[in-house]
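K.L.:
Take this structure, written in structure tokens, and hold onto it; I'll ask about it next.
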Amino acid sequence: MTRDAAALDRADPLAAYRERFVGAATPLVYFDGNSLGRPLAVTGPRLQAFVEEEWGGRLIRGWDEGWMELPERIGDGLGRTCLGAAAGQTVVGDSTTVLLYKAMRAAVAARPGRSEIVVDRDNFPTDRYVAEGVADECGLTVRWIDVDTAAGVTADQLTDAVGERTALVVLSHVAYRSAYLADGEALTRIAHDAGALVLWDLSHSVGSVPVALDAWDADLAVGCNYKYLNGGPGSPAFVYVAARLHDEIVQPVQGWLGAREPFEMGPTYRPAAGVRRMLSGTPPVLGMLATQDMLTLLEEVGMDAVRRKSVDLTDLVVELADEVLAPLGVEVASPRDSALRGGHVTLNHPHMREATARLWERDVIPDYRDPDGLRIGLSPLSTSFTEVRAGLEAVREVLEGLTG
């Protein structure tokens, strides 16, 4: 028997935090927080104050009064709160795609004489496309791992794929389609045993699943800030580079703000010390402000508490899917074991593409992923258990209308 959603809400120690998000108290059911998180209520006033007081009042003096250090300051906050990373290893700037490119090019250059990049065929498209592009540019080969689309890369699969030719392994911590939660420490160790570097894509885990980059002995990581970190549409991404690699990693987009002394305007490029060398151009200050608000909230709540709520929410999705959707032919296409599952659940049915369009018309907002997948993304601090039940009941009604 499925647990009572209202009772779960009454017992939820994080329930009060929903009030801090714009629109969370409305009847709209939001199942797409893993694509774009709701804004925090404090973010609008923060942006207005910035425009009027800092940008409008301080003008160009703002660069000397703190804007220039924002990429590293927010990066350190991310590392401390969400990534399990000591200070000085994470920086914010550019899009996820650009940072993936920079990190991949820098990584393969740091492993000369090796000829392969290992990627799984179900990794996020951008990761695969960038890997193919870097391989073409550098005369390398992509070695593909075939995975179950309802799961992800296993230790045995990676062990079979890596070897003396492997320069770089590109992995997602949480699979974008299935939500499979990879074993970061074990997979990193396997790659290192083969002499390769690992680049982790944390886009579908950061802010939802605790990450421990330093404990994994991770090399590089990239992730976006507009999903569970609520940074807003197009907010800049982050890149992590382990401190032990700072002297050998040189990224390919050599802009002036990644230079050692940017205001010397020197005749030749010399990379900055530390992770700041991953920067290229002017920091996107406005785009970074909302992320600070969410980091403050996550630091208050703690990632362990966020993860517990996330597990409870996704467990309820699985329970409801079995109770009200399985009779209609819906299959759970994510791991049933919460220890192997991130913050979303994918439900498969041949009519899910049509169902998604009809659900949006009813203010129930999941997203669709081929083949036949309805993805239920749950931001733990802004989603209630009652919202989950209402949304899954709406899925049932829509499917009944499409199949009846």
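The values are calculated or read from the model by the stated rules, or taken from the named source; none is laboratory data. In this text the structure is predicted, and so the values were computed from the model without any measurement. A quick note on method: Cβ atoms are made from the backbone with ideal geometry, for glycine too, and the neighbour counts reach across all protein chains shown. Heavy atoms of the whole protein, side chains included, go into the accessibility calculation; ligands, DNA and RNA do not. Shrake-Rupley method; radii C 1.70, N 1.55, O 1.52, S 1.80 Å.
K.L.:
Just checking, how many residues over segment 338-352 are open to solvent by 40 Å² or more (accessible area, probe 1.4 Å) and either within 19 Å of the chain's Cα centre (by Cα) or farther than 17 Å from Tyr176 by Cα (or both)?
P.N.:
Qualifying residue count for the region: 4.
K.L.:
Of all residues in segment 160-178 being over 15 Å from Pro112 (Cα atoms) and assigned to a strand (DSSP E or B), which is most open to solvent (accessible area, probe 1.4 Å)?
P.N.:
Top of the filtered list is Ser172.
K.L.:
A further question on this structure: Being in contact with a His (Cβ under 8 Å, 6 or more places away or on another chain) and aromatic (Phe, Trp, Tyr) is the filter here; which residues of segment 193-227 pass it?
P.N.:
Trp200
K.L.:
Just to check your reading of the model, which residue among Ser235, Ser280 is assigned to a loop (DSSP other than H, G, I, E, B) and closer than 24 Å to Ala109 by Cβ?
P.N.:
Ser280
K.L.:
Taking the condition open to solvent by less than 30 Å² (accessible area, probe 1.4 Å) and aromatic (Phe, Trp, Tyr), does Phe263 pass?
P.N.:
no
K.L.:
So Thr81 ticks every box in (1) closer than 26 Å to Val301 by Cα; (2) free of Cβ contacts under 8 Å to residues at least 40 places away in the same chain but one. Which box is left unticked?
P.N.:
Thr81 satisfies every listed condition except (2).
K.L.:
Quick one: would you say Asp64 is open to solvent by less than 60 Å² (accessible area, probe 1.4 Å) and either out of contact with any His (no Cβ under 7 Å at 6 or more places or on another chain) or of a type outside the set (A, V, I, L, M, F, W, C) (or both)?
P.N.:
It is false that Asp64 is open to solvent by less than 60 Å² (accessible area, probe 1.4 Å) and either out of contact with any His (no Cβ under 7 Å at 6 or more places or on another chain) or of a type outside the set (A, V, I, L, M, F, W, C) (or both).
K.L.:
To continue, here is another question. If you scan segment 348-362, which residues turn out to be in contact with a strand residue (DSSP E or B) (Cβ under 7 Å, 6 or more places away or on another chain) and either part of a strand (DSSP E or B) or farther than 19 Å from Leu328 by Cα (or both)?
P.N.:
The answer is Asn348, and nothing else.
K.L.:
So which of Ile376, Ile365 ends up being closer than 17 Å to Tyr30 by Cα, touching a strand residue (DSSP E or B) at 6+ places or on another chain (Cβ under 7 Å), open to solvent by 10 Å² or more (accessible area, probe 1.4 Å) and modelled with pLDDT of 95 or more?
P.N.:
Unique residue meeting the criteria: Ile365.
K.L.:
Counting just the residues of segment 1-22 that are modelled with pLDDT of 95 or more, outside any helix (DSSP H, G or I) and not acidic (Asp, Glu), which one comes out nearest to Ser382 (Cα to Cα)?
P.N.:
Filtering segment 1-22 for residues that are modelled with pLDDT of 95 or more, outside any helix (DSSP H, G or I) and not acidic (Asp, Glu), the one nearest to Ser382 (Cα to Cα) comes out as Phe21.
K.L.:
Determine whether segment 386-396 contains at least one residue that is open to solvent by 10 Å² or more (accessible area, probe 1.4 Å), part of a loop (DSSP other than H, G, I, E, B) and under 29 Å from Asp122 (Cα atoms).
P.N.:
no
K.L.:
Is it the case, given these coordinates, that Ala86 is modelled with pLDDT of 95 or more, in a loop (DSSP other than H, G, I, E, B) and open to solvent by less than 60 Å² (accessible area, probe 1.4 Å)?
P.N.:
So Ala86 fits the description; yes.
K.L.:
Moving to a separate point now. Exactly one of these conditions fails for Gly287: (1) under 13 Å from Ser95 (Cα atoms); (2) part of a loop (DSSP other than H, G, I, E, B); (3) open to solvent by 10 Å² or more (accessible area, probe 1.4 Å). Give me its number.
P.N.:
(2)
K.L.:
How many residues are acidic (Asp, Glu) and open to solvent by 30 Å² or more (accessible area, probe 1.4 Å) when one looks only at segment 7-35?
P.N.:
Qualifying residue count, segment 7-35: 2.
K.L.:
Output the residues belonging to segment 301-318 that are in a helix (DSSP H, G or I) and within 20 Å of Ala212 (Cβ to Cβ).
P.N.:
Passing the criteria: Val301, Met303, Asp304, Ala305, Val306, Arg307, Arg308, Lys309, Ser310, Val311.
K.L.:
Mind listing whichever residues of segment 36-50 are open to solvent by less than 70 Å² (accessible area, probe 1.4 Å) and either modelled with pLDDT under 95 or not hydroxyl-bearing (Ser, Thr, Tyr) (or both)?
P.N.:
Of everything in segment 36-50, those that are open to solvent by less than 70 Å² (accessible area, probe 1.4 Å) and either modelled with pLDDT under 95 or not hydroxyl-bearing (Ser, Thr, Tyr) (or both) turn out to be Leu36, Gly37, Arg38, Pro39, Leu40, Ala41, Gly44, Leu47, Ala49, Phe50.
K.L.:
Can I ask one more? How many residues, within segment 205-255, are open to solvent by less than 10 Å² (accessible area, probe 1.4 Å) and charged (D, E, K, R)?
P.N.:
The total comes to 1.
K.L.:
Same structure, new question: Conditions first: (1) under 23 Å from Leu286 (Cα atoms); (2) touching a residue at least 40 places away in the same chain (Cβ under 8 Å); (3) more than 11 Å from the chain's Cα centre (by Cα). Leu245 passes all but one, so which condition is the exception?
P.N.:
Of everything listed in (1) under 23 Å from Leu286 (Cα atoms); (2) touching a residue at least 40 places away in the same chain (Cβ under 8 Å); (3) more than 11 Å from the chain's Cα centre (by Cα), Leu245 misses just condition (1).
K.L.:
Something else about it: Given (1) in contact with a Gly (Cβ under 8 Å, 6 or more places away or on another chain); (2) farther than 30 Å from Leu14 by Cβ; (3) not hydroxyl-bearing (Ser, Thr, Tyr), identify the lone condition not met by Glu299.
P.N.:
Result: Glu299 fails condition (2) only.
K.L.:
Enumerate the pairs (first residue in segment 132-145 and part of a loop (DSSP other than H, G, I, E, B); second residue anywhere and open to solvent by 30 Å² or more (accessible area, probe 1.4 Å)) with beta-carbon separation below 6 Å, excluding pairs fewer than 6 apart on the same chain, so at least 6 apart or on different chains.
P.N.:
Leu140/Ser115
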